[in-house]
Number of protein chains: 2
Amino acid sequence: MPTILDVAKKAGVSRSTVSRVLTNSNRVDPETKQKVLAAMKELNYQPSQVARNLRKQETNLIAVLIPCISNPFFGSLVRGLEEVAVNKGYNIILCSTGEDPIRQIEYLRMLERKQVDGVILTALRNPLEEVKAFLQHGPIVLASEYAEDDSLPAVVIDNIRAAEHVTEHLILKGHKRIGFINGPEHIILCRDRQRGYVQTLEKYGIPVSHDSILCGDFTMEGGFGCAKQLLQLEEKPSAIFAANDEMAVGVIQAVQEQGLRVPQDVAVVGFDNVQISRVVQPNLTTIDQPIFQIGVQAMELLMSCLEGIVLKDKRIVLETNLCIREST
Amino acid sequence: MPTILDVAKKAGVSRSTVSRVLTNSNRVDPETKQKVLAAMKELNYQPSQVARNLRKQETNLIAVLIPCISNPFFGSLVRGLEEVAVNKGYNIILCSTGEDPIRQIEYLRMLERKQVDGVILTALRNPLEEVKAFLQHGPIVLASEYAEDDSLPAVVIDNIRAAEHVTEHLILKGHKRIGFINGPEHIILCRDRQRGYVQTLEKYGIPVSHDSILCGDFTMEGGFGCAKQLLQLEEKPSAIFAANDEMAVGVIQAVQEQGLRVPQDVAVVGFDNVQISRVVQPNLTTIDQPIFQIGVQAMELLMSCLEGIVLKDKRIVLETNLCIREST
DNA sequence: CTGAAAGCGCTTACAG
DNA sequence: CTGAAAGCGCTTACAG
């Protein structure tokens, strides 16, 4: 591989000059520049990114930590993240954590080792203090989750309000017994969604039954299992709200397996508005989250941090929308 | 940030020695080693990956080029690729090309610039010769597609045989008019699938009607549109084979919209066995592809190349399986 | 077992 | 406008 020195020799100039045409910095005599350009072309020269990185003390790489890329939610999120990054001249390192806190920390270490310039976190699975310790090595931005003390910039939706919308929609449809299948309760988003659900029941004077609140795992199978449990209750719910679309699909399957109809016997609502919500029969009523946009704005936030801009509003809240379809 | 020199000073040794304990190379006096380790801990030292990379002339980074990460097919593929890479100490740079040949070439340039050690290509969207030119800078392995002349290592399935299976299955079910909705015909996999379809019709003495072969775009909407076209044919098909599951879902929707039933009036088959094939009603008969495994083996192939192993069998063919469900 | 020195391939003040 | 020199933070023969 030719180096900058080879180009310099061929063009009859110094490395400095070649570097200057490479970086478009300072003024370079047009004629000299042409000679250098010609030499580069002839040698098929490409500057070494690694050398450049070492010198400039940056990598133009962003670590994106996600639980699992085959989950369509994270697929869309990553698309948004990547689009912005690439436009700004950065590339993305995909870091699948599988929800494992240890792997999450290992990936955060890439910041210490200067392997990446910044980190996007889509799931906070470690004590906040442990994560914050890495901030001395570079910026960290949250996408879709947030830190309770807002110590990290974050782009989110208002999960409380979204869950209120859903619950209210069901109540206004006449439902009084509404089951809730949440995601893992250590996730802040899930606590928020549950809070929205509970608050709305209380607002309408509907007693909150703790038998009607279950913790799922965000999978179809999990939703299926929880739904079966709810349907065996003495006070069977007439509506079930699942904290994501996959679980809601599992709920529909469980309801139908019992010979019941959706929505006539049991209404079902999901959350996220991913593709399957429009494939399942009946089509799912769900909360439309601007997933791609969350990714876009989170990466924009991170880019601002890298440019040294100090952020004022650390939490950006995007709008959601209740999509009413056939399942309610 | 502390550098290796800071550690050396604190431990009262030379940089060389610190480096040796860092790389576990040669013998280092156990006592010296302890001193160095202590100094590293005290300074919270992490070696700079960039410096190491420049020195060792490697990056431990692999570029993974995919059309679109929010497509679940590529989600699974990437999971397989990543798992192996991480186990071998590599990280993955996600490079979404959106099927754009120009972006594909731009990402291949990362190989020239020494930004990555190798490349995984999941879609060949440029003249093969143009891609092969990059081989001088590092290995390139194909996952799920292949090069006609086998000049690049590849992990694939036998698309011809899989399509034969599907077509034969439909014929044995009594279908004589079988529509085929293919993906874009410049894709080699699509040409193979079509060949399997055509060959099987011919084998059973069924005339091949070119009105019954349409080119879709691998989306639900595309499948929907093509299906409508097929259903308006004079000789309406009694079965439709779509080259992926998304399009097959679109087909089911189109059939049902016409007031027809699947499979009684029109049987439908997909390809890939992604999640929606088990969500759509009726559940989709489809070809199960070992997507994750394709990723695993492709990355293993690339790792072999990086270790300097010369590959003999350049094309690895994995088994598929016809999943017969409710739609046929 | 350990250190001094060279070098990976760039960029950037500093002179001129 | 251009060049010589230093330096980014490591690793690795080469001596000893």
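Read-outs throughout are calculated quantities, based only on the coordinates presented, and are distinct from any laboratory measurement. From a predicted model like this one, the values you see are computed outputs, not experimental measurements. Backbone-built Cβ (ideal geometry, glycine too); neighbour counts: all protein chains shown.
Both radii were evaluated on the Cα set of the protein assembly as shown; the Rg over Rh quotient, with Rh as the Kirkwood radius, amounts to 1.02.
Sequence-distant contacts, meaning Cα pairs under 8 Å at least 6 residues apart, place the relative contact order of chain B at 17 percent. Rg/Rh for the range A:163-259 stands at 0.94; both radii use Cα atoms, and Rh follows the Kirkwood definition. Taking the 0 to 90 degree range and rounding to the nearest ten, how far is the long axis of helix A:220-231 tilted relative to the main principal axis of chain A, both from C-alpha atoms? Tilt relative to chain A: about 20 degrees. A simple spin-label model places the labels of residue B:258 and residue B:318 3.5 nm from each other, with each point 7 Å out along Cα-to-Cβ.
About the Cα centre of the range A:159-288, how large is the charge dipole given +1 on each Lys and Arg Cβ and -1 on each Asp and Glu Cβ? Please answer in debye to the nearest 20. Provide the component values of the computation, followed by the final result.
Details: 12 positive and 16 negative charges, 68 e Å.
Charge dipole, the range A:159-288, about its Cα centre: 320 debye, nearest 20.
Within the range B:127-152, list the residues whose amide N lies under 12 Å from a label point set 7 Å along Cα→Cβ of residue A:6. Flagged as within label range: B:137. Distances between copies at residue B:102, taken between label points 7 Å from Cα along the C-beta direction, are 4.7 nm in increasing order. Farthest toward the positive end of the dipole of the protein assembly as shown, out of B:16, A:237, B:310, is the Cα of B:16, where the dipole comes from beta carbon charges about the Cα centre.
Work out the mean other chain Cβ neighbour count within 10 Å for the residues of A:273-280 and drop it here as an integer. Show your work: numbers first, answer last.
Values: counts 0, 2, 9, 7, 1, 4, 13, 4.
For peptide A:273-280, the averaged partner shielding equals 5.
Remark: the protein assembly as shown carries a charge dipole of roughly 2400 debye about the Cα centre, counting +1 on each Lys and Arg Cβ and -1 on each Asp and Glu Cβ.
With the contact rule set at Cα under 8 Å and sequence spacing of 6 or more, what percent relative contact order holds for the range A:4-47?
Values: 35 pairs, mean separation 19.3, N = 44.
About 44 percent, as a whole number.
When the square roots of the Cα gyration tensor eigenvalues are ordered a ≥ b ≥ c, the ratio a/c for the range B:1-119 is 1.5 or more and a/b exceeds b/c, which makes its shape prolate. With unit charges on the beta carbons (Lys and Arg positive, Asp and Glu negative) and the dipole taken about the Cα centre of the range A:83-154, which residue among A:118, A:146, A:86 sits farthest to the positive side? So the residue furthest toward the plus end is A:86. Extending 7 Å from the Cα toward the beta-carbon at both residue B:204 and residue A:210 defines two label points whose distance is 6.0 nm.
Take B:192, B:158 and order them by how many other Cβ atoms sit within 10 Å, fewest up front. Mind dumping the intermediate values first?
On the way: B:192 19, B:158 15.
Final ranking by Cβ density, sparse to dense: B:158, B:192.
Compared with the dominant principal axis of the Cα atoms in chain B, helix B:101-112 is inclined by about 20°.
Selection among B:184, B:34, B:292 by position relative to the dipole of chain B gives B:34 as farthest towards the positive end (Cβ unit charges, Cα centre). Sorted from nearest, the other copies put their residue B:176 label points 6.2 nm away, the label point being 7 Å from Cα in the direction of Cβ. Position residue A:2: other-copy label points at 4.4 nm, ordered by increasing distance, label point 7 Å along Cα→C-beta. Tell me what the protein assembly as shown gives for mean residue ellipticity at 222 nm when only DSSP H runs of n ≥ 4 count, each as -39,500 (n - 2.57), the sum divided by the residue total, rounded to 500 deg cm²/dmol. So the helix-based figure for the protein assembly as shown works out to -13500 deg cm²/dmol. So, in nm, how far is label residue A:41 from label residue A:191 when the simple model puts each one 7 Å beyond its Cα toward the Cβ? Distance between label points: 6.2 nm. With the cut-off at under 11 Å, measuring from each backbone N in the range B:179-217 to a point 7 Å along the Cα-to-Cβ line of residue B:293 picks out no residue. Of the trypsin sites (Lys or Arg not before Pro) found in the range B:9-96, those that fall in a DSSP loop while having at most 16 other beta-carbon atoms within 10 Å are B:27, B:88.
Using the 10 angstrom Cβ neighbour count as an exposure proxy, how do B:197, B:90, B:204 rank, fewest first?
On the way: B:197 25, B:90 22, B:204 12.
Final ranking by Cβ density, sparse to dense: B:204, B:90, B:197.
May I ask you to list the GluC sites (Glu not before Pro) in the range A:220-275 that are in a DSSP loop and have at most 15 other Cβ atoms within 10 Å of their Cβ? Let's see the in-between values first.
Details: sites: A:221, A:234, A:235, A:246, A:257; in loops: A:234, A:235.
Qualifying residues, ordered by number: A:234, A:235.
Beta bridges assigned by DSSP with both partners in the protein assembly as shown are antiparallel in approximately 15 percent of cases.
How well do other chains shield peptide B:46-58, expressed as the mean number of their Cβ atoms within 10 Å of each residue Cβ?
Details: counts 8, 3, 7, 11, 15, 5, 5, 8, 8, 2, 1, 3, 1.
Other-chain Cβ atoms within 10 Å of each residue's Cβ, averaged: 6.
The aspartates and glutamates within cross-link reach of residue B:56, meaning a Cα-to-Cα straight distance under 12 Å and a gap of 8 or more places when in the same chain, are B:117. Here the range A:9-57 is treated as an ellipsoid with the same Cα gyration tensor; its semi-axes, largest first and in whole Å, are 19, 13, 8. Partner aspartates and glutamates whose Cα lies under 20 Å from the Cα of residue B:176, excluding those fewer than 8 positions away in the same chain, are identified as B:164, B:168, B:202, B:211, B:234, B:235, B:265, B:326.
Per-residue shielding of A:66-72, expressed as the average number of other chain Cβ atoms within 10 Å of the residue Cβ, stands at 6.
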